1. I need the shape label for region 133-194. Rule: rounded when a/c is under 1.5, else prolate if a/b > b/c, else oblate, with a, b, c from the alpha carbon gyration tensor.
2. What shape does region 37-129 have by the C-alpha gyration tensor, where a ≥ b ≥ c are the square roots of the eigenvalues, rounded means a/c under 1.5, and otherwise prolate means a/b greater than b/c and oblate the rest?
3. Which peptide among 165-171, 180-186 comes first, and what is the full order, when sorted by highest mean count of other Cβ atoms within 10 Å?
4. Please compute the contact order of region 133-194 in relative form: average sequence separation of alpha-carbon pairs under 8 Å and at least six residues apart, divided by the residue count, as a percent.
5. Could you tell me how far the Cα centroid of region 84-126 sits from the Cα centroid of region 148-183, in Å?
6. May I ask you to derive the relative contact order of region 54-170, considering only C-alpha pairs under 8 Å and at least 6 residues apart, and to give it as an integer percent?
7. Just check region 80-195 against the gyration tensor rule for me: Cα atoms, a ≥ b ≥ c as the square roots of the eigenvalues, rounded for a/c under 1.5, and otherwise prolate or oblate depending on whether a/b exceeds b/c.
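Please treat every number below as a calculation from the coordinates, not as lab data. What you see is a predicted model; the values in this text were computed from it and never measured. Cβ coordinates were reconstructed from backbone atoms using ideal geometry, including for glycine residues, and neighbour counts include every protein chain displayed.
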């Protein structure tokens, strides 16, 4: 046998996998294995809020938890900002961010194997720009003040006076850099305007 033929035969022997069922031998020639569910990239979505970004992702089968990374530019340095330690938790709110700034995120699943931690593939990079508290407050005109406070936090201070337009009270919520005008009557209070 020629030298070239010997090398070819040796190469084929190295990549062949033999599995025997009864007396029949099945041969596979180094076919690439399909990725397991755990190796798949999480599907991530972002929602912008008042100086915050909500990160959500689809559950990855077999995951023990998730690692969330953030950067301030797409090709910048990504820092792990949170480790989610439950595979069933699919949401994280990144708070105390700078208003009007764009942030970039990627997420990957992980699982434990003995004392070692195995990580899956990163999601595709997603980006969103945060909103200011005033921008968010404007979305709550004609809605309850309790919903407003849940979205942007409590005001620094507030005051009320008898309304000129009805039996209730006119109120003012004082936030840093803007005011929220409200109307309160019979235990219900709504946002009237934001200035």
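1. Judged from the Cα gyration tensor, region 133-194 comes out prolate (a/c at least 1.5, a/b above b/c).
2. prolate
3. So the peptides 165-171, 180-186, ranked by packing, come out 180-186, 165-171.
4. Once normalised by length, the contact order is 33 percent.
5. Centre-to-centre distance over Cα atoms comes out at 37 Å.
6. With pairs under 8 Å counted, the relative contact order is 21 percent.
7. In terms of gyration-tensor shape, prolate.
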